[in-house]
Amino acid sequence: MPKRLIPATAAAAAAVAAALALPSGGPAASPPADVLLLGGNLWTGETDRPRATALAIVGDRIAYVGDEAGALAHRGPLTRTLALQGALVTPGFEDSHIHLMSGALSLDRVDLIEDGSVAAIQDRIRRFAAERPEKPWVLGRGWLYGAFPGGLPTKEQLDAAVPDRPAYMECYDGHTGWANSRALAAAGITRDTPDPPNGAIVRDARGEPTGALKEAAVALVESHAPVPGDAERYDLLKRALRLLNSQGITAAQDAGYGLADLARELPLLERALGEGRLTVRLRASVQLSPGPVDAALAEARRLAQRHRGPRLRFGAVKAFVDGVVEARTAALLAPYAEDPAQGRGHPNWEPAALTAAATEADRAGLQVWLHAIGDRGVRMALDAHEAAARANGARDRRGRIEHIETIDPADHARFAALGVIASMQPLHANPDQNNADVWSRNLGKERASRGFGWRSLERAGARLVFGSDWPVVTSDVRRGLFCAVTRKTRDGKPDGGWLPEQAVTLESALRHYTIDAAYAAFEEGERGSLRAGKRADLVVLSPDLLASPPEAILSSRVLLTLLDGRVVHRAAEFGPDLP
Ligand SMILES: [Zn+2]
């Protein structure tokens, strides 16, 4: 039955008028609160009232944000009260660029991201393999180019750790693979195997595969590695969601499922949704690859219709314009510094084909994400967004470019002018060996000095959104926040930070992880800030990061994460049970 909008009687009309006349946020306008948060340091993400001390929740919504007296006016007989003792409350974190199912699978692989030398990497792999004698393959991820002499690993180095079974280790960025001799054999890769389109089997002087595989060539081995069954993958998905909630994350935007991935993984996401276990709101994109795009666009449109709920949405497509700097596959305006023979890198798309695909996707009403890392890749992506807008006319399209590791200053202002969102990942600028050695050397000094230019883009009026690219790097937002404001590793290196003029303020970084991220998902009216009427998605951290030195970010605790007003994470030391 439709809701009655017009009061049936004069008395009812008077009651409605009286209710509307109450001061805004007044208690009688809404039922008593389920939960009151009192005594906190709230950072709201709202420009007109950035700070507050108390908040009331009714059902799945925020009913009030303000001071203690105002919140207490919402108290009823069953209201639960939480004393925050000065802890920081922010909107729930939103990761704007994540690979949820890859992240889930990574929980079952050896993680090499913290190891800086070949010996340390081999050691960790050896121990992992010894603990899992039953696994037919030893799989891992996270190695950094800078850990290997020359920037690329070899099969012999992996044979030394795993001689008895196939072993395959994905680079931290997912763009390069490392196979041992048995994995190459299992995949049938020999000196006679041709390179696939957009990929390379790295070979030594004699033409023998070295064990390193670039870009599309990784699939030659990956497709032979066993994939865990549905039940195991579903368990890993649940673990991944718990992990994200424990990091204060309540929403994420998933960067690109190919059609085959979708067929395999969507049923798991739908199962989690149906069972009420999808405790991170997910907006997922469908991958567009060079060649015919009709099938991917049709699937993206179908899924956008089918999943429109508050927990699972589609409506976007993602394409890889180029590769990565470390593997010299990012597209640059001028040749690579160390290896001019490599030229300017190789975009995955012809500019005209990219523009045509982006235009067609945009015409279908889909949001377009373009992975672009090199300055030429970024320019191609901006050109494609511009051409799509010109062809299809004005619309709230919110096109995006992912990563933007180096950019020509002439392109800064185009983001604001075109309304294109800059989707960046603070930890990709972590000034570790990888960035200091391989990344910076490949680009050369001048171009590297334009690396990860968050502040330059902010100043040019661009809307930035932050994310992790998990499992490329950790999904832990605290690690991202720390790098965003210091440009230092978590050990505090280098002194003063790497290109510190590109660091952002903590409030800016928080905004890029909350309200700006929600904007990128077209959800800024529903989430992303603490405001009456929005969803009660929030995180409680201690201590108050805004009143502490940056180092406190790394040691801070996520005490509580609420999604739709319900607890999805609570630190053991914190508070009573909540609904
Ligand atoms: Zn990614």
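The values are calculated or read from the model by the stated rules, or taken from the named source; none is laboratory data. Since the model is a prediction, treat every value here as computed from it, not as a measurement. Here the Cβ positions follow ideal geometry from the backbone for every residue, glycine too, while neighbour counts run over all protein chains shown. Side chains are part of the model used for accessible areas, which takes the heavy atoms of the whole protein and leaves out ligands, DNA and RNA. Shrake-Rupley method; radii C 1.70, N 1.55, O 1.52, S 1.80 Å.
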* **Hey, residue 75 assigned to a helix (DSSP H, G or I), of a type outside the set (A, V, I, L, M, F, W, C), at negative phi and more than 26 Å from the chain's Cα centre (by Cα) or not** => no
* From the residues in segment 73-97 that are within 28 Å of residue 552 (Cα to Cα) and charged (D, E, K, R), which one is surrounded by the fewest Cβ atoms within 10 Å (Cβ to Cβ)? -> 95
* Any chance you could count how many residues in segment 179-208 are out of contact with any helix residue (DSSP H, G or I) (no Cβ under 6 Å at 6 or more places or on another chain) and either of a type in the set (Lys, Arg) or not in a loop (DSSP other than H, G, I, E, B) (or both)? => 11
* Residue in segment 262-308 that is nearest to residue 363 (Cα to Cα), counting only those that are open to solvent by 20 Å² or more (accessible area, probe 1.4 Å) and acidic (Asp, Glu) -> 294
* Asked: Looking at residue 376, is it on the phi < 0 side of the Ramachandran plot, open to solvent by less than 50 Å² (accessible area, probe 1.4 Å) and assigned to a helix (DSSP H, G or I)?
  -> yes
* Can you name the condition, by its number, that residue 163 falls short on among (1) more than 16 Å from the ligand (Cβ to nearest atom); (2) open to solvent by less than 30 Å² (accessible area, probe 1.4 Å); (3) more than 20 Å from residue 223 (Cβ to Cβ); (4) out of contact with any helix residue (DSSP H, G or I) (no Cβ under 7 Å at 6 or more places or on another chain)? -> (2)
* Does residue 360 qualify as being among the charged types (D, E, K, R) and closer than 22 Å to residue 215 by Cα? -> no
* To do: Tally the residues that are over 14 Å from residue 474 (Cβ atoms) and touching a Phe, Trp or Tyr at 6+ places or on another chain (Cβ under 6 Å), restricting the search to segment 72-93.
  => 2
* **Residue satisfying condition, being open to solvent by less than 30 Å² (accessible area, probe 1.4 Å), more than 16 Å from the ligand (Cβ to nearest atom), within 29 Å of the chain's Cα centre (by Cα) and not aliphatic (A, V, I, L, M), within set 45, 70, 66** => 45
* Restricting segment 98-120 to residues that are over 16 Å from the mean Cα position of the chain (by Cα) and open to solvent by less than 10 Å² (accessible area, probe 1.4 Å), the residue that is farthest from the ligand (Cβ to nearest atom) -> 110
* Asked: Pairs under 7 Å by beta carbon, first residue more than 14 Å from residue 294 (Cβ to Cβ) in segment 348-366, partner open to solvent by 40 Å² or more (accessible area, probe 1.4 Å) and part of a loop (DSSP other than H, G, I, E, B), six or more apart or different chains?
  -> 348/198; 348/290; 349/290
* Test result for residue 258, open to solvent by 10 Å² or more (accessible area, probe 1.4 Å), free of Cβ contacts under 8 Å to residues at least 24 places away in the same chain and either within 30 Å of residue 200 (Cα to Cα) or out of contact with any His (no Cβ under 7 Å at 6 or more places or on another chain) (or both) -> no
* Structure fact -> Checked segment 419-447 for anything within 19 Å of residue 99 (Cα to Cα) and in a loop (DSSP other than H, G, I, E, B); matches are 425
* To do: Take segment 441-477 and flag every residue that is of a type in the set (D, E, K, R) and touching a Leu at 6+ places or on another chain (Cβ under 7 Å).
  => 458
* Any residue at all in segment 236-257 that is hydrophobic (A, V, I, L, M, F, W, C), farther than 15 Å from residue 106 by Cβ and modelled with pLDDT under 95? -> no
* Of (1) away from the ligand (no atom under 16 Å from the Cβ); (2) of a type in the set (A, V, I, L, M, F, W, C); (3) assigned to a helix (DSSP H, G or I), residue 89 satisfies all except one. Which? -> (3)
* Structure fact -> Checked 353, 361, 391 against criteria (open to solvent by less than 50 Å² (accessible area, probe 1.4 Å), of a type outside the set (Val, Ile, Thr) and touching a helix residue (DSSP H, G or I) at 6+ places or on another chain (Cβ under 9 Å)); the one match is 361
* Asked: So which of 183, 187 is modelled with pLDDT of 95 or more and closer than 21 Å to residue 115 by Cβ?
  -> 183
* Asked: Within segment 242-254, can one find any residue that is assigned to a helix (DSSP H, G or I) and within 16 Å of the ligand (Cβ to nearest atom)?
  -> yes
